[in-house]
1. In this structure, does Trp212 turn out to be open to solvent by 40 Å² or more (accessible area, probe 1.4 Å), touching a Pro at 6+ places or on another chain (Cβ under 8 Å) and either among the basic types (Lys, Arg) or within 24 Å of Leu400 (Cα to Cα) (or both)?
2. When you scan segment 223-240, do you find a residue that is assigned by TED's automatic domain parsing to the domain that holds Met295, closer than 30 Å to Ser153 by Cβ and either among the polar types (S, T, N, Q) or in contact with a strand residue (DSSP E or B) (Cβ under 6 Å, 6 or more places away or on another chain) (or both), even just one?
3. Return the pairs, sorted by first residue and then second, in which the second residue is surrounded by 21 or more Cβ atoms within 10 Å (Cβ to Cβ) and of a type outside the set (Lys, Arg), the first residue lies in segment 157-186 and is assigned by TED's automatic domain parsing to the domain that holds Val336, the beta carbons are less than 6 Å apart, and the residues are 6+ apart or on different chains.
4. Here is a list of conditions, (1) open to solvent by less than 40 Å² (accessible area, probe 1.4 Å); (2) within 30 Å of Phe181 (Cβ to Cβ), and Thr602 meets all of them except one; can you say which number that is?
5. Would you mind telling me which numbered condition in (1) outside any helix (DSSP H, G or I); (2) modelled with pLDDT of 90 or more Val328 fails?
6. When you scan segment 115-123, do you find a residue that is among the aliphatic types (A, V, I, L, M) and touching a residue at least 40 places away in the same chain (Cβ under 8 Å), even just one?
7. Within segment 260-298, can you find the residues that are assigned to a helix (DSSP H, G or I) and of a type in the set (Gly, Ala, Ser)?
8. So which of Leu542, Leu503 ends up being modelled with pLDDT of 85 or more and aliphatic (A, V, I, L, M)?
Amino acid sequence: MSGPLWAAAALSVGQAEATTPGAPRQAIPNAGLPRAETAVPPPPEGEGSVGMPTVHGRLGQEPYTDAREPITLPALAGITGLLVLWAVWLVVTRGSTALRKIEPPPEPRGWAILSPALFTLLSALASWPAAISGSARMVGREFDLPGTIWFLSAAPRLLGERVDPLTAFPQGADYGRADSFVWMVTGWALQALDPVLLSNLAQVLGPALSGWAAELAARRFGARAPWSAVAGVGYAFAGPTATALLEGHTYLAVTPFLPLCLWSVLALTGPEPRLRHGLFFGLAWAGALWSSVYMGFCATLIGAWFGAPALLGRRLVRGPMLAAAALVLAAGLPYVGLFIGGGAVLRPSNEPLDTWDQRLDFVQRGSGGLLSLLPPSPELDTFYHGMSLYPLFSVAALALLAPRVLRGEPGTRALLALAATAALIAVGPLIRYSYVGQLTTPLALLYLVPGAEAMRFPMRFGWVLCLALGVLAARVLTRLSKAPGLQTAPGWPSPLHLIWLLLLLDITVALGLPGRQRWIPAGTNGALAAATGPIFDVYPRLRLPQDDLNAWFQANDCLQQHDHGQAIADHCASRFAPENPRLRLQDELGRGLRGGQDPTPTLRRLGFAHVALHADLLADEELAAWQAALSAADPQPWDDRSGGERILLYDLAPAP
């Protein structure tokens, strides 16, 4: 990893200029900030490390949640625009229920081949430049990306050993509660491929597969090609997918399981349910759960939303229902056991979460808020990691026509209510409408229970919102395509085909893909490649409102571990600073270093063979202190500037 990585890290705290993907970048000392802005006096005894720099810069000390939550003029304008557009279309389409008796135009020839091809092309555009990045460059914007790639590389050993001896050294790290077991199995099955290449391929193929699955769900609901493809675009290329691509949660960009759950539950509750529909729902639900616990929550919401009324009304056929229930139990019970007994850290140990208000504030950081329903902005990217619930405007506008255009159609009200419920969950337990004013949503009642804060990313329910709106939009277009005034001679496009231009503008202009993506080189410094034993990396010890740069340092270490193959002190799953063994040990060594103690004996006793000083990032006084302390063990360290940053690698060979 390299200086270019620090440029990407600096983007997280708003201190680096945006760069064009592919443009050359230079190493950035102290994360791109002038030393006059970063150097501060040493922290009090017992805190931080020598010469701890700061990168608060223009952000000040305010929590980042306050910078994004208030609903401003753009928010009001967007909501008003939706309502006005809805009202206009209600007038235009009055009497549209008569269209039910008219057959829609025939579907395009070869649509079974054309549809996946179109989704793949659109996915390559939205994730660009992932399609041409190979294994040399990562594509993303946030610190989760290197860790996700490390997870792919470590999958073969993590499947066999729950405790990984090569991370969180010397204790080892417990990864029994992995973010995505599907991602782990993928890394194991495709271990012959470079994990950076595999991540880039997933960014291209994942949304394409998800879009195709959503189209199948829309066809089950009654949509016809080519309009059924609108459901796929509205689901797989909206705000949640953009968030997954930019944050680096690549496994969340591969989400065909939710549309397949919707497809199968619509079949299960339809007039002719079959055993295969129950089996298919169980398999799709299991795939969603094991790909991410939040996908499992979303799949459960979809299944319960349509299945519970059918069950209460005794409209479910016993055989298919029992098949689905059996697979859900078979997949869910082992996962619950892993979740309860896993080693993942779900909350920071230094943040009190004893009261209801504390838990609500903690969970709200992983929620959408009102502004996330609108097109993202550079400010939201800076303060909120690009997290977005934005349903494509054109898709949402069409879906809002459903009460009129699809009046009386089975399932319409259920899908509209599902979209509204998912949106209410995704915005979080608090709706902040000004800097000081807020409303409490029904979701807040969940967090009355201590420990419920483990579900700290309600925003993931945005997938259900976009899926429901996309399916409704596809069905509305299918119905409107039958209107005599909108039909044309064979071979001529309908005015409704303007929707494809609107969707493209929605993705590229409003959602900002692929322009918000970043290219990050994935190389490793040559000094680390020469290491022969466990490495202790020394970075600046930073304390920030978001703690982003510490998370970047941790992610960088983990990705480099894949390349050099030696044990490291960083934990590669928990992003909370207090739970990272390297930071705890560096704090301890820093206190001793300020008191004149030599850190070498402690590091040797723990089993470390090398110390890597990331010289471009450390403040001058901190770098000098470490160099003076380590020079007795290794007077001539390996000094390497390859990979875009300078690293001094000290050998901790035992003293004679």
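The values are calculated or read from the model by the stated rules, or taken from the named source; none is laboratory data. Fair warning: this is a prediction, and the values are worked out from it, not measured in the lab. Cβ sites come from the backbone with ideal geometry, for glycine too, and all protein chains shown count toward neighbours. Ligands, DNA and RNA are excluded from the accessible area calculation, which covers all protein heavy atoms including side chains. Shrake-Rupley method; radii C 1.70, N 1.55, O 1.52, S 1.80 Å.
1. Taking the combined requirement at face value, the residue satisfies it.
2. no
3. Between residues of segment 157-186 that are assigned by TED's automatic domain parsing to the domain that holds Val336 and residues that are surrounded by 21 or more Cβ atoms within 10 Å (Cβ to Cβ) and of a type outside the set (Lys, Arg), there is no close pair.
4. Here Thr602 meets the rest and fails (2).
5. Result: Val328 fails condition (1) only.
6. Taking segment 115-123 first, the residues among the aliphatic types (A, V, I, L, M) are 117-118, 121-122.
Cutting the leftovers down to touching a residue at least 40 places away in the same chain (Cβ under 8 Å) gives us 118, 122.
Checked segment 115-123: at least one residue is among the aliphatic types (A, V, I, L, M) and touching a residue at least 40 places away in the same chain (Cβ under 8 Å).
7. Residues of segment 260-298 assigned to a helix (DSSP H, G or I): 260-268, 275-291, 293-298.
The answer is Ser264, Ala267, Gly278, Gly282, Ala284, Ala286, Gly287, Ala288, Ser291, Gly296.
8. Working: Leu542 fails: modelled with pLDDT of 85 or more.
Just one listed residue meets the conditions, Leu503.
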